[in-house]
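Below: the structure, in structure tokens.
Please treat every number below as a calculation from the coordinates, not as lab data. Computed from a predicted structure; not experimentally measured. Quick reminder, even Gly has a Cβ in these numbers, built from the backbone with ideal geometry, and neighbours come from all protein chains shown.
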């Protein structure tokens, strides 16, 4: 049977590109039939990557059948995966996030979780010498993933190794990193076509803190004013999105890539408390700026308190 390779729901560039990269490796190098899948529509930056490198958008799936062979990349959190994931035949997990727990397998599997900024960096390492055999489009996807996840090396999750791999890929492709990153971030920043609910779910993950369930949403942009101009409408939509998704509160962090700061929308006293206890700031109005905050994984989630 063909192995399905997929990342998390609300796929960003890494969760769109990593399945494509690893499905290519399994099929073309390992000789194991594999296909990339998505668990939702890719965001605007991921869609730009697909078009820029001439890659076909993977099929979008809602669920997996019992005993379907799968490889999970860019997550190990059951909340971000199909509801029946534990009934599937999970063959491997390749990720760069903290170990959450809750996944079950029918036997021993390969699990690779490394403290790097991007799944694509890990995939490049796992390929070893075979990474040189990646066609241009696959290299382009890998470069896109790394630049996206590191915010062009601005994110505190960035390691020297992520940068080294990105620079090697860029050199192979004849791509100027600064110019290409600017194109990626411009695509990411155009959110005009999305509804408030879509924006709140676009790059979001569910976390529970002391019994309070949050949908933690991050919008990374070079044009934060485009999002913040809609703050009243976005805050009004948070309650309905939270109710539909079964969480207590949506937290929205608008990350200004160029100024290296985040703006947290503050719709109520719960979020005001979160701002104070998590980041040591007092939110007098409906927004509060968090200087230097760029990473959900390293700076937001570990600090969340209620």
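Observations on the structure shown:
- For the chain, the share of alpha carbon pairs falling in successive 20 Å distance bins from zero is 35, 58, 8 percent.
- Based on alpha-carbon atoms, the Kirkwood radius and the radius of gyration of segment 136-266 give Rg/Rh equal to 1.03.
- Our note on the geometry: Cα centres of segment 13-35 and segment 91-164, 12 Å apart.
- For segment 105-245, the relative contact order works out to 18 percent when only alpha carbon pairs closer than 8 Å and six or more residues apart are counted.
- Residue-averaged 222 nm ellipticity for the chain, from DSSP H runs of 4+ at -39500 (n - 2.57), nearest 500: -11000 deg cm²/dmol
- Counting DSSP beta bridges with both ends in the chain, the antiparallel % (nearest 5): 35 percent
- Taking other Cβ atoms within 10 Å as a rough exposure proxy, 253, 153, 6 sort from fewest to most as 153, 253, 6.
- Take the Cα radius of gyration of segment 121-184 and divide it by 2.2 N^0.38 Å, N being the number of residues; the result is 1.02.
- Prolate/oblate/rounded call for segment 196-303, Cα gyration tensor, a/c under 1.5 rounded: rounded
- Sequence-separation-based contact order of segment 3-187, relative, with Cα cut under 8 Å and 6+ spacing, percent: 21 percent
- Least to most buried among 191, 293 (fewest other Cβ within 10 Å first): 191, 293
- Quotient of Cα Rg and 2.2 N^0.38 Å for segment 161-236, N being how many residues it contains: 1.46
- Using C-alpha pairs below 8 Å separated by at least 6 residues, the relative contact order for segment 1-111 is 26 percent.
- Separation of alpha-carbon centers, segment 53-67 and segment 222-283, rounded to whole Å: 31 Å
- For 271, 289, order by how many other beta-carbon atoms lie within 10 Å, fewest first: 289, 271
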